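Comments concern the structure below.
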Amino acid sequence: MNTSLTTLVEQAKSGDEGALSALLTKIEPALRAFFIARIGRRMDVDDLVQNTLLRVHRGLPDLKDNTRLKGFAMKGALYELQDFYRGRYTPKEALYDAHEPPDVISHDSHPEDKMDVERALSSLSPKAREIIELREYGYKYEEIADMVGSTEAAIKMQVKRAFERMKDTLSVFLIWISVPLLFPR
C-alpha cells in the first residue's frame, strides 16, 4: 500500500471525515471488480460494495496495521459475498424504521393455518417471539441485535432455536389432531 493511502487511514482513524471519504472512494473500484468477477454485472454488486464499505468504515478503528487496509477490505468483501450466497440478500430483507415496523396484512385463505402458527408462536418466550416477529418484518440480524441489546450471533442462534421449538410444537399439534382421524370411535 502506498504512503498516501496509509496516511489517509491514519487520518480517517483519527476522525477526519474527508480522509475517510477519500479512503473509501479509493478502495471502491477494487471491491466492485472483486464482486463483478464473482457474480457478474448484477444489481446486487452495488449493494455488496456499499455493505463492504460500511463494514470497512465500522471496522477501521480495529485495523491494527494501517498498511493492511486492502487485505482488511477484501476480507470484508469475502464475508459479504458469503452472506450473499447464503441468501442474506433476498427481497425479504427490506429495511424499515426500527421503531415503526410496516403493517402486516394477512391474506390467509385458511384461518386455521394462522391458528396453528399462533399456537407455535405462543410456545416461545416473549423475547424469542419478538425476535421472530422482527425477522419476519424483514429486519437484518444485526439490526435486531441492536434493537434488543444482543449480538448478531446470539440472535441467529435464538432464531434457529425458536424455529426448532415452533416445528416441534406444530409436530405435536399435528399428531394430536390426527389421532382421532386414525382411530375413530
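The values are calculated or read from the model by the stated rules, or taken from the named source; none is laboratory data. Because the structure is a prediction, the values reported are computed rather than measured. Glycine also receives a Cβ, built like all others from the backbone with ideal geometry; neighbour counts cover every protein chain displayed.
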Suppose the filter is basic (Lys, Arg), crowded, with 16+ Cβ neighbours inside 10 Å and in a helix (DSSP H, G or I); does ARG55 pass it?
yes
Quickly run through the range 64-89 and pick out the residues that are modelled with pLDDT of 85 or more and in a loop (DSSP other than H, G, I, E, B).
LYS64, ASP65
For the range 1-48, which positions are in contact (Cβ under 8 Å) with a residue 24 or more places away in the chain and either of a type in the set (Asp, Glu) or under 17 Å from TYR85 (Cα atoms) (or both)?
GLU10, GLU28, LEU31, PHE34, PHE35, ARG38, ILE39, ASP44, ASP47, LEU48
Taking the range 138-155 and keeping only residues that are surrounded by fewer than 16 Cβ atoms within 10 Å (Cβ to Cβ) and touching a residue at least 40 places away in the same chain (Cβ under 8 Å), one is left with ASP146, MET147
Say whether the condition of being loosely packed, with under 14 Cβ neighbours inside 10 Å, among the hydroxyl-bearing types (Ser, Thr, Tyr) and modelled with pLDDT under 85 is met by at least one residue in the range 6-23.
no
So for the range 104-124 (the condition being within 20 Å of the chain's Cα centre (by Cα), at pLDDT 75 or above and under 16 Å from MET166 (Cβ atoms)), does at least one residue qualify?
no
